[in-house]
Protein chains: 4
Amino acid sequence: MLVVMQSHATEEQVRAVCDRIESLGLKAHPIPGSGRTAIGITGNNGAIDLGVLESMAGVIECIPVTKPYKLVSRDVKEEDTVVTIPTPSGDVLVGGSHIAMVAGPCAVETEEQCFAIAQQLKSTGVRLFRGGAYKPRTSPYSFQGLGLSGLKILSRVRKDYGFGIVTEAIDNESLDLVEEYADVIQIGARNMQNFSLLKRAGRAKLPVLLKRGMAATLDEFLMAAEYILSEGNYKVMLCERGVRTFSDFSRNTLDLAVIPAVQKRSHLPILVDPSHGTGKRHKVLPLSRAAIAVGADGLLVEVHHQPEKALSDGMQSILPTEYAALAKEIHQLATLFHRILN
Amino acid sequence: MLVVMQSHATEEQVRAVCDRIESLGLKAHPIPGSGRTAIGITGNNGAIDLGVLESMAGVIECIPVTKPYKLVSRDVKEEDTVVTIPTPSGDVLVGGSHIAMVAGPCAVETEEQCFAIAQQLKSTGVRLFRGGAYKPRTSPYSFQGLGLSGLKILSRVRKDYGFGIVTEAIDNESLDLVEEYADVIQIGARNMQNFSLLKRAGRAKLPVLLKRGMAATLDEFLMAAEYILSEGNYKVMLCERGVRTFSDFSRNTLDLAVIPAVQKRSHLPILVDPSHGTGKRHKVLPLSRAAIAVGADGLLVEVHHQPEKALSDGMQSILPTEYAALAKEIHQLATLFHRILN
Amino acid sequence: MLVVMQSHATEEQVRAVCDRIESLGLKAHPIPGSGRTAIGITGNNGAIDLGVLESMAGVIECIPVTKPYKLVSRDVKEEDTVVTIPTPSGDVLVGGSHIAMVAGPCAVETEEQCFAIAQQLKSTGVRLFRGGAYKPRTSPYSFQGLGLSGLKILSRVRKDYGFGIVTEAIDNESLDLVEEYADVIQIGARNMQNFSLLKRAGRAKLPVLLKRGMAATLDEFLMAAEYILSEGNYKVMLCERGVRTFSDFSRNTLDLAVIPAVQKRSHLPILVDPSHGTGKRHKVLPLSRAAIAVGADGLLVEVHHQPEKALSDGMQSILPTEYAALAKEIHQLATLFHRILN
Amino acid sequence: MLVVMQSHATEEQVRAVCDRIESLGLKAHPIPGSGRTAIGITGNNGAIDLGVLESMAGVIECIPVTKPYKLVSRDVKEEDTVVTIPTPSGDVLVGGSHIAMVAGPCAVETEEQCFAIAQQLKSTGVRLFRGGAYKPRTSPYSFQGLGLSGLKILSRVRKDYGFGIVTEAIDNESLDLVEEYADVIQIGARNMQNFSLLKRAGRAKLPVLLKRGMAATLDEFLMAAEYILSEGNYKVMLCERGVRTFSDFSRNTLDLAVIPAVQKRSHLPILVDPSHGTGKRHKVLPLSRAAIAVGADGLLVEVHHQPEKALSDGMQSILPTEYAALAKEIHQLATLFHRILN
């Protein structure tokens, strides 16, 4: 924390702030400048909220300095984390030099639907299948997912096609079931700060895919992951899926600069979801290319064989044939950037 | 839904879109304009996601028209909802001509703290006491609240001072307990789209105070309330607490225009939380005045007798004496605007 | 500037950063913390862009500390600036305890229109009349204003009704003419960082009303005012008119918290434009009340006697009768807050 | 325009709205739905602001339908515009299959600086040199550019190295000079809605590079270009340079989804400026790759041989050697995507 004093702050005011800091058991470091004095504070382990110093006489502003995350930070672990996802057809690796593709429908609707899509995806080389059995929907009147019977369909897709299954949990109850039927637990954007759910995911045995909230800063995103790691689950993959801005031509604004920003601060892998990130079918392909080019560790892509009949998000789902073309391009880009696509 | 065609779209393209609409069991209404044709769609009950029409040849854009909310809408109930909160010292009314003040610390820390604050608040006329026993915190290493023992402290505050208790539930387990000990269940901003929790609150017997999410549009905010009403609980109060923007001098941007916007569309009361809405003590008083002036049905204000020792949000808590001065100003404003302050 | 080092930064890396700082003629103040070292920098007069230190080995972040504004700051002048606007009917004061109302049509359309509106406004007590002769419009095909003949109409309104005239200049040429015909030069939101225009306004003899840009931070807003003061014109009034956010129910998001934020940092008066700030007629009245309640030094309100025939912004213009009711409420609020309304 | 009625709107209210529409010389098309009636409006050439209908009884909302842009639209010209920039070393093409690189310092500081950078850039294959002689700076106390003598330095760079020169004009006066000395007139983000300057650029003979404003919607961006085309200059290149959001780890949020969005609606080429778009040196390379992968028609990259001594934006400038590595990668990507890099 740095306390910035007003330029006409008196020596008494500077001393009073220092005294208050010291009285809290911390150390004050006044730095007299040409225009004004700033006071550095050390010794704070995060338990004390120093913002209140801002209301002391002569203080103009308090600036936080120390980053609050620990286990997710490269300060603690310098090398990239590579998450291993065991699947019926062998391990899938995510992170480091490994790029992973995840594809499938937004929602599990019927066994026929999932098998039709899985069948067509199989030949593209994708090894992780996504599909929601529990759907967080803006409206209570929209399709809310098949629940347990959806998980059972995914489990049959897993068995018949050898895919690893990535599916969302929306509360502690559904997480118990997802843990039983799937290979990766997805935490959606709306639940990024559902700390009760994050703690439960931290006690799960499966890898977790954590999506960035629609208004999450980088620190909040990393701290949400920190919740999971702090409970003992180190197999966390992050996922950028677009943030909310004034921008009006796409459902969200895909913030690809977060990829190098995360990679600078954290050792965790980070994927991109260009389907939710844009909300428009014709933008999924170009933004997928961009995500790999910027250095993402994988993609989540919504694929539906009959998008116009999809019960959710048909607008942003691409056809299996379009996915096949995309997969080919991603393969070329991975080669160009010396990365391994699985 | 309105489908807007490109200006050089052919008659065949327009017909193809109409055919697709009709094949889905809906009715197409082409409106030929001077520059281009638009096609209105009726008969959709919300189950079909028509955005996929956007990828048909000749289509430039799909514009949703119908608002998705029902029970929260003035279409269904024209007159203002007045929520009744039974407290030991009689009913508190919120909505219509009634304004309610809610005050207390961010977090329940100790019995001494709560009683000290309650004691000083008592004389200000406030009848609803707030305080968090379950605290959603950005960091897993920050104080997470006292949990059940915090609820028990609140319950003693209730008994000794006659306050109604407003406190937050963060998951289904804590909601069970809040329902037992408090008078109003608060759903925080981070959980505004925790649909599992909203449904549970909809089955609760107590009134619910629902805070707007940090990036929630008006429709999303009202749809979150719709979740609660659709489960049978009609005693819902909304609360604006600031949204996330680029604006850098306050913790959030308090969006006071949402008050008349909600009042135009919905019959539910709406309060304002100027403490979280600004995150800075010196802004709480002016923004409180503004909230009442714009027409809010009440205020949630964080008050702490020793803000510099607060375990959370000390930066935005005001002193009991400051609150007393605020309460006096709010009383004058309520009189000016012919409203009843309880 | 504060340079934050990585927690595993070596002593050599810290020393290298300090050496680089000293080599630029500045002074480095290393502050060793429990987790990491931070390095304060003093002696920089703003001419050196220290952000490049961020790319040195071991550095995690550079945090600017010193605020760049000078003349607009309370550091330089503690007491409120009161701007005096000479009008045919005597001086109008803005700032300190003085609140000023500014009303009139968005655009000057015809002499009949301006006189009809002026006639009806006269009895409300308003003394400053607004109306655009030069209109910055999103589309080149929209009405662009009457230019010089519009200024001449305003000048006749001035003469016949005794109003002071507030009108916008959009480039150096129009500013020359506005200076000749009006009493206050308005700089619009889109030109808030048109530095060429700001410098010209700084050399003008008239007071300047500077609107906040749609995406301007507080620092940028104050620095835009600094441009004007730095050229010698100290008669500057700021104006909040809404910022651009994701919020979808109003044209802009009126950021009323900027009022106390400006008042903490700067001595300049600040007004609010609730017409542009909301873009919706039914929100103008409640947000006007809120603006005065939060402590604004005045209001700019668009009034049109026939909004449905307005050539611009009819959607947000209120009727003269509505304005009269508003003026009465503002008078009551001003009295309540011990301010003088002129 | 589509007028949406409340669900309990009476037939009289619907008829009153239709009558008002017809009285304005337009045609009303009522579309009765299951829940509510919507009224389509045709015949409006944009001169009438229909938002005022929103205040009529029974109306809930007015939704604009027709896009306002004409000359920039693919409705008017379906094939991609390829802009030709004549340079001493032959034409440079931008748009369609042609990708163009633009590199150079943020600001022209001295002849030595420009020549040093130009010398090192020459071998990378870049053919367009950027450098600001007029610098829009947030602070009046920051380096404002060398003005005319800067243009003369650029002109010597042009002569000695054969580069085409891209440089910014900030007002009508500087545009006159830029037109004389440079090959492309740049309009910066802060001036995107400086309509006076846009009109002047529309009467210039040189191609114009128009940067997106920090809070510009897609429609506003295209309408700004429309201003230039409507004055007769069809040689317009657009440029995405990041928008302002809550995102805190980069200076701006680079909105790469705008590239396919522009390409769907407009025939104009669009480039990306990853230097301003991120404001951080270590993000320039990954975001440059992403920009080409998403389909941009070129890049503007800030290069400085001594970033730590740069008078502006050193923080985001890369070294000539880093640029050479980037150019090589871009070449590979262009080949992969079957585009021609010049």
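hydroxyl-bearing (S, T, Y) and either at positive phi or within 14 Å of chain A (Cβ to nearest Cβ) (or both), is that true of B:S149?
No, not satisfied.
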Leading residue by the ranking (surrounded by the most Cβ atoms within 10 Å (Cβ to Cβ)) among those in the stretch A:198-220 that are in contact (Cβ under 8 Å) with a residue 40 or more places away in the chain and over 22 Å from A:G104 (Cα atoms): A:L218
State the number of residues belonging to the stretch A:241-260 that are at pLDDT below 95, in contact with a His (Cβ under 9 Å, 6 or more places away or on another chain) and within 15 Å of D:T253 (Cβ to Cβ). 1
Being modelled with pLDDT of 90 or more, over 24 Å from D:V184 (Cβ atoms), surrounded by fewer than 23 Cβ atoms within 10 Å (Cβ to Cβ) and within 14 Å of chain C (Cβ to nearest Cβ): is that true of D:T335 here? no
I'd like to check something: does the stretch D:233-244 contain any residue that is surrounded by fewer than 24 Cβ atoms within 10 Å (Cβ to Cβ) and either away from every other protein chain (no Cβ under 13 Å) or part of a helix (DSSP H, G or I) (or both)? yes
Take the conditions at the interface with chain C (Cβ under 9 Å from one of its Cβ atoms) and closer than 17 Å to C:R190 by Cα and apply them to D:G202. Does it pass? no
Keeping to the stretch A:165-179, report how many residues are away from chain B (no Cβ under 14 Å) and in contact with a Lys or Arg (Cβ under 6 Å, 6 or more places away or on another chain). 2
Just a yes or no: is a residue in the stretch D:259-274 closer than 22 Å to D:V102 by Cα and within 14 Å of chain C (Cβ to nearest Cβ)? no
Quick check: is even one residue across the stretch B:118-129 within 19 Å of the chain's Cα centre (by Cα) and over 30 Å from A:A225 (Cα atoms)? yes
Condition first: closer than 22 Å to C:N194 by Cβ, of a type in the set (D, E) and in contact with a Gly (Cβ under 6 Å, 6 or more places away or on another chain). Can you find one or more residues in the stretch D:171-189 that meet it? no
Over the stretch C:306-342, the set of residues among the aliphatic types (A, V, I, L, M) and outside any loop (DSSP other than H, G, I, E, B) is C:M315, C:I318, C:A324, C:A325, C:L326, C:A327, C:I330, C:L333, C:A334, C:L336, C:I340, C:L341
Of all the residues that make up the stretch A:96-133, how many are closer than 28 Å to A:V294 by Cβ and buried (at least 23 other Cβ atoms within 10 Å of the Cβ)? 17
Which numbered condition B:E11 misses (of (1) among the acidic types (D, E); (2) crowded, with 17+ Cβ neighbours inside 10 Å; (3) at pLDDT 85 or above): (2)
Given (1) surrounded by 24 or more Cβ atoms within 10 Å (Cβ to Cβ); (2) at the interface with another protein chain (Cβ under 10 Å from one of its Cβ atoms); (3) not in a loop (DSSP other than H, G, I, E, B), where does B:L285 come up short, assuming only one miss? (1)
Any chance C:V94 is among the hydrophobic types (A, V, I, L, M, F, W, C) and either farther than 28 Å from C:P260 by Cβ or at pLDDT 95 or above (or both): yes
For the stretch D:205-218, what are the residues that are at the interface with another protein chain (Cβ under 9 Å from one of its Cβ atoms) and either among the polar types (S, T, N, Q) or closer than 12 Å to D:L229 by Cα (or both)? D:T217
Selected residue (criterion: modelled with the highest pLDDT) from residues of the stretch B:261-282 that are surrounded by fewer than 24 Cβ atoms within 10 Å (Cβ to Cβ) and in a loop (DSSP other than H, G, I, E, B): B:H267
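I'd like to verify a number: residues in the stretch A:208-221 that are among the charged types (D, E, K, R) and either assigned to a helix (DSSP H, G or I) or over 19 Å from A:T278 (Cα atoms) (or both), how many?
Of the residues in that region, 2 qualify.
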Being over 30 Å from A:L209 (Cα atoms) and either free of Cβ contacts under 8 Å to residues at least 60 places away in the same chain or not acidic (D, E) (or both), is that true of even one residue in the stretch A:109-116? no
If you check B:A224 against the conditions, is it touching a residue at least 24 places away in the same chain (Cβ under 8 Å), at the interface with chain A (Cβ under 9 Å from one of its Cβ atoms) and either over 10 Å from the mean Cα position of the chain (by Cα) or part of a helix (DSSP H, G or I) (or both)? yes
Those residues of the stretch B:52-83 which are away from chain D (no Cβ under 14 Å) and in contact with a strand residue (DSSP E or B) (Cβ under 6 Å, 6 or more places away or on another chain) amount to B:L53, B:D80, B:T81, B:V82, B:V83
Since C:D255 meets every condition but one in (1) surrounded by fewer than 24 Cβ atoms within 10 Å (Cβ to Cβ); (2) facing chain B (nearest Cβ under 7 Å); (3) within 16 Å of the chain's Cα centre (by Cα); (4) assigned to a loop (DSSP other than H, G, I, E, B), which condition does it not meet? (1)
Contact list please: Cβ distance under 7 Å, first residue in the stretch A:180-197 and more than 7 Å from chain B (Cβ to nearest Cβ) and within 17 Å of A:L222 (Cα to Cα), second residue of a type in the set (S, T, N, Q) and crowded, with 24+ Cβ neighbours inside 10 Å, pairs at least six apart or on different chains. A:Q186/A:T167; A:L197/A:N191
Hey, any hits in the stretch B:310-325 for a residue that's more than 12 Å from every other protein chain (Cβ to nearest Cβ), within 30 Å of C:L222 (Cβ to Cβ) and more than 15 Å from the chain's Cα centre (by Cα)? yes
Please give the number of the condition A:A293 fails out of (1) buried (at least 23 other Cβ atoms within 10 Å of the Cβ); (2) within 28 Å of A:A224 (Cα to Cα); (3) within 14 Å of chain B (Cβ to nearest Cβ). (3)
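The values are calculated or read from the model by the stated rules, or taken from the named source; none is laboratory data. Bear in mind that the values here come from a model prediction, so they are computed numbers and not experimental data. All Cβ positions, even for glycine, are placed from backbone atoms using ideal geometry, and neighbour counts span all protein chains on display.
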